[in-house]
Amino acid sequence: MNNAAFAAALFDPTAPCPPGLVTWNGSDAAQRFGVYRNNVTVSLIEALADTFPVVQQLVGEAFFHAMAGEFVRRSPPVSPVLAWYGDTFADFVAAFPPAAGVPYLADVARLEYARVLAFHAADADPVPVAEIAGWLNDPEALPTLRLQLHPSLQVIDSTFAIVSLWGAHQGLGDLATVDPVQAECALVLRHGLSIEVMGIPAADGRFLAAMQAGAALGAAVQQAEAGDIPFDPAPVLGLLISRELLVGLGRQPE
């Protein structure tokens, strides 16, 4: 039997049973294949529901299952690690016409998948506080200082209130008071064994994104500034230190 044909039929509910498929006990192969196809689809939908619980709560179980089922048919898993399934789900949601009435849904999905990435990110030992203090107390070194951030750190800058929407579904606020079209920047990180989601100023998000892209401290501060508004990196640096998110320090090569 052709493996590609089997896989294609597995994710196409209109496809007939692949030719050459037989059962060990002589039962109807087409019927058995139909049951197997349904079980695979249901299992993948349930995996998506586990990864994106707030997305499901926002649109309801029936709508989510219909949307997730369409995603499964279009985007079957490419990895045997089921925890990674759904990496393109947010983009799918953004382009899914029936979800257009919930414009913040895709960014909420991005936030939820960022939590998966943070949970499974590699471990990294934090730089000792005394070493950090030594670098930060050298004014001449600051502009060229490169900070390596923990692999779990994720920044999502959204035009929607994704932190408040997510938090309200964790019992951290009243959903009725959330203005969905209020822009928020989310910081997702792993501290110890806990995954944290917090809202940060957009300038902090630009600062962190610049450092993740390899910018030195001085350049990251410049990228964080908006117009004539100066940027003070001290609060966000304090957050990085308190959450043990600085895992490497060094000078930018000249």
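Tabulated values for the structure
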read-out	value
Alpha-carbon radius of gyration plus Dmax, which is the widest Cα pair, for the chain in Å	23.1, 80
Virtual spin-label span in nm between Ala121 and Leu136, 7 Å along Cα→Cβ	1.9
Global geometry of the stretch 57-136, whether rounded, prolate or oblate, following the gyration tensor of its Cα atoms and the 1.5 cut on a/c	prolate
Local net charge near His191, Cβ-Cβ under 14 Å (Lys/Arg +1, Asp/Glu -1)	-1
Reciprocal of mean inverse Cα separation for the stretch 1-148 (Kirkwood radius, Å)	18.8
Estimated distance in nm for a label pair at Arg32 and Ser194, the labels positioned 7 Å out from Cα along Cα-to-Cβ	5.1
R0 of 25 Å, Cβ-Cβ distance Leu239-Glu70: FRET efficiency to nearest 0.05	0.05
Leu153, Leu117, Leu105 arranged by Cβ crowding within 10 Å, fewest neighbours leading	Leu117, Leu153, Leu105
Global geometry of the stretch 159-254, whether rounded, prolate or oblate, following the gyration tensor of its Cα atoms and the 1.5 cut on a/c	oblate
The chain, helix-only ellipticity at 222 nm - DSSP H runs n ≥ 4, -39,500 (n - 2.57), divided by all residues, nearest 500	-14000 deg cm²/dmol
Label-point gap, in nm, between Trp84 and Val42 - each point 7 angstrom along Cα→Cβ	2.8
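Coordinate-derived values only; no laboratory data. As the structure is a computational prediction, the values presented were derived from the model and not from experiment. Quick reminder, even Gly has a Cβ in these numbers, built from the backbone with ideal geometry, and neighbours come from all protein chains shown.
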